[in-house]
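Each remark here refers to the structure printed beneath this line.
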Amino acid sequence: MKRILFRALALVLVACLGSGCGPLRADDEATDDEAKVEFWAFMQAPLSIDMLRLDVADSWRTWHILPSQFQEYYPLDYRGPTLETQLSGELTVRVTLLAPGDTAVIAQGDVRLPLRSDWRWDIEIFAGKPGPGCFGCMGTKVFSLDPAYRTDRVDSLYVVWGGNSIKHPVVYGPQGWPGSGFPSDAMSARGTMERP
């Protein structure tokens, strides 16, 4: 029960952080000529971060993001790269889970987001079951997971996203709070939030 409550709280925090809690920056450090996207992943057994692949594209570039580009930030919670994107157009993110040691696709889906200057998208990828909803996020997509990899705690692949101004981010309350599941340094990387 404690683990379920921790996971539900973590999902609410991730959704909120992704939607309105960009990194804190002085106004003179940011310009309107920036657009970014940052990735986070939460993978629990039987899945692992080693199964995740991302193909990200704007109108000029394509990035192939591999598991080695994610760093464990908290147990089972991984921070991926932050990419600088075009200032307009569309960002396409293809999320793929591959069977261990194989090329068989066990889950896959695409998300398309509009690009604009002075904007940062935060995208969270996780496997789980429907939770309490999406507090503060701007969108969610759910993709089917191969039945061989479903458990009582994991039945689908979820992609949740939110965004924030880079130059004038909406910032919420003091950094980290006890029992949030995220250490204060994790909160400062994603921004801050206050208790609901």
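With label points built 7 Å along Cα→Cβ from the Cα atoms of His168 and Thr62, find their separation and express it in nm.
The modelled label-to-label distance comes out at 3.8 nm.
Apply 1/(1 + (r/R0)^6) to the Cβ-Cβ distance of Arg116 and Glu72, taking R0 = 25 Å, and write down the FRET efficiency to the nearest 0.05.
0.20
Starting from the 7 Å offset along Cα-to-Cβ, what nm value, one decimal, do you get for the label separation of Gln108 and Ala148?
1.6 nm
Just so you know, all these numbers are worked out from the coordinates, no wet-lab data involved. Keep in mind that what you see is a predicted model, and the values were worked out from it rather than measured. Don't worry about glycine lacking a Cβ; one is built from the backbone with ideal geometry, like all the others, and counts go over all protein chains shown.
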